[in-house]
Each structure stands twice: as C-alpha cells, then as structure tokens.
Amino acid sequence: MKKLALLLNEPNGSKEVIVYAVLLAKDLNATVQILHIQNPQIYGTHESMGTAVAQAQEYLQKNSETAKKTVDEYILEIRNEISSVPAIEFKSEIGIATGILEDKVANGEIDMLMIQGQPEKAFWTQSISNMEIIRSVQCPIWIIAPDTKYQAFNKIIYATDYKEADVTTLNRVIDLTRPFLSEITALHISEKDHFVEEVKAAGLDEVLKQKTNFNNIRAKMVINKEDRDLIDILNEEAERTNANLIVVLKENRNFFEAIFKSSFTSKLIRNAQLPVLVFHEK
C-alpha cells in the first residue's frame with residue numbers, strides 16, 4: 001500500500017488540508033502520515049548553552065504535544081464525517097525538514113509527499129524550505145494551493161519536452177493516477193513550426209499509447225510564436241480542457257522553472273486553484 005505524507009506547517013486550522021490528504025489517500029489506496037517538523041535552529045538550540053538549551057527543548061516538546069492534541073481532534077472529527085478513512089498516523093519531529101523527508105523516502109517510510117501553500121502569500125512556494133523540498137526530496141510531491149477543495153483528478157495535463165525520460169515519467173503518472181481513470185494530455189509548447197509538424201508526422205499519439213500501454217492519452221503541441229509566457233499558455237489549455245491537475249518533471253527545466261516563478265501565482269493558483277504534481281527523474 002502506498003504511503004502519503006502530509007507536511008503540516010501549522011496544526012491550528014489544518015483540518016481542511018488534512019481532509020484533502022485523507023480523501024486523496026483514500027482514492028489512491030494509500031495510508032496517511034501527518035508530519036509536524038520543527039526546526040531547532042529557529043530557537044537557537046545549536047548555539048545556546050545550559051538553561052537556554054533546556055528551555056528551547058522544553059518549548060519544542062510542548063509544541064509537539066499541542067500539535068498532536070490538535071491533530072488528533074481533527075482526525076476524530078474526520079473519521080466521524082468520512083466513511084472508510086484510511087490509516088492515519090501523526091508524527092512530530094525536530095530537525096531540518098528536507099533532511100528528515102529525504103531519509104523517510106530513502107527508508108521506504110513514505111512514497112509521496114503533499115505540501116501546502118502559505119495563505120496570504122503571493123507565491124505558495126515562496127518559502128526557501130518549500131523550494132528545497134521540491135527540488136531535493138526524490139518522491140512525487142503534491143503541491144496544493146491554500147483552501148483548495150479536493151476533487152478526483154480526471155483530467156491531467158503533463159507538461160513535456162518529449163524526451164525519453166518523459167515516457168518513463170508518464171508511466172509513473174499513469175500508475176499513480178490509475179484509480180481516477182484520468183484523461184492525460186501530454187502538452188508541449190514549441191517556438192518552432194517544424195517541430196510540431198515532425199511530431200504530428202511521427203504519430204506521437206499512437207507512440208505514447210504504445211509506450212505507456214494507456215489509451216486515454218493524447219499529445220498536443222502549441223506553437224508559441226509571440227514569445228508568450230509559458231504559464232499563460234498552460235493555464236489556457238487547463239481551462240479549455242477542464243484539467244484539474246498539472247504534472248511536471250523537475251528535470252524539464254523550461255516548464256519547471258516557469259511553473260515555480262512568481263508570475264505563476266495569480267493566474268493558476270489564485271484563479272484556477274490547480275494542484276501541481278512534481279516528479280523527479282531518478
């Protein structure tokens with residue numbers, strides 16, 4: 001059974017994001033591990049001495065206990081509201097989030113991670129820790145905009161450069177989202193007409209179907225002659241197809257860097273509220 005970890009930034013008021021993780025895990029036949037990670041460096045424990053260290057450690061411990069109490073109450077409410085809730089556990093740890101998560105992935109304790117944006121922030125991956133996690137933790141990472149209501153992912157856009165690594169990633173996307181019976185559009189944005197014609201001539205739709213053994217997939221090429229922002233085009237395609245998930249391979253630099261720059265915010269996050277799923281090539 002798959003294991004989904006939810007990185008919880010702030011336990012208070014977190015019921016909605018926990019519900020999202022629970023419903024996602026339920027559809028994916030996964031268990032849920034709710035992670036509350038406190039960075040001791042914020043409290044100076046690595047530099048302090050004597051009484052100050054003891055006080056900081058006591059504060060961290062009390063924070064952990066309070067977080068557990070809050071989350072346990074939310075879980076109890078959720079179990080009373082939602083049928084067939086998957087197994088849920090809460091863990092509070094002290095350390096650097098990226099390192100802890102990398103260890104959990106390496107040890108097979110978690111298979112995928114869900115992180116949430118920060119309310120009232122212009123860019124939901126603006127925090128350094130979030131970007132470090134997205135770039136470094138080698139597992140599928142679901143990035144959910146604040147206050148997003150869960151819905152099954154029935155139409156997916158996969159942003160692609162049409163390289164060999166994309167076929168491998170598409171197979172992983174298909175395997176992960178198979179419970180949704182999704183329609184997948186492999187979208188490539190090109191500045192060159194001849195590339196589009198070459199792709200059409202190669203019958204890429206059929207190639208993708210054969211290489212993925214998945215019939216509900218199609219290739220689409222968009223020519224960007226006017227040097228428009230990639231996110232404008234991506235968002236238009238998402239709206240046109242009623243897509244409710246965007247998938248990107250971190251190693252596809254053009255799409256990855258475009259998605260995670262600040263201009264992505266208002267169009268895709270504030271308006272469309274579309275979740276993003278990041279895969280890593282390795």
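The values are calculated or read from the model by the stated rules, or taken from the named source; none is laboratory data. Note that the structure is a prediction, hence the values are computed from the model and not measured. Backbone-built Cβ (ideal geometry, glycine too); neighbour counts: all protein chains shown. These area figures cover heavy atoms from the full protein model, side chains too; ligands, DNA and RNA do not enter into them. Shrake-Rupley method; radii C 1.70, N 1.55, O 1.52, S 1.80 Å.
Looking at this structure, is Ser129 of a type outside the set (Val, Ile, Thr), at pLDDT below 85 and open to solvent by 30 Å² or more (accessible area, probe 1.4 Å)? Explain how you work it out, then say what you get.
Values: of a type outside the set (Val, Ile, Thr): yes; at pLDDT below 85: yes; open to solvent by 30 Å² or more (accessible area, probe 1.4 Å): yes.
Answer is yes for this residue.
State yes or no: is Glu93 modelled with pLDDT of 95 or more, more than 20 Å from Arg172 (Cα to Cα) and either over 23 Å from the mean Cα position of the chain (by Cα) or surrounded by fewer than 17 Cβ atoms within 10 Å (Cβ to Cβ) (or both)?
Taking the combined requirement at face value, the residue does not satisfy it.
Give me the pairs, please: first residue somewhere in segment 204-219 and within 11 Å of Asp166 (Cβ to Cβ) and of a type in the set (Val, Ile, Thr), second residue anywhere and at pLDDT 85 or above and surrounded by fewer than 15 Cβ atoms within 10 Å (Cβ to Cβ), beta-carbon distance under 9 Å, and either six or more positions apart or on two chains.
Thr212/Asn171
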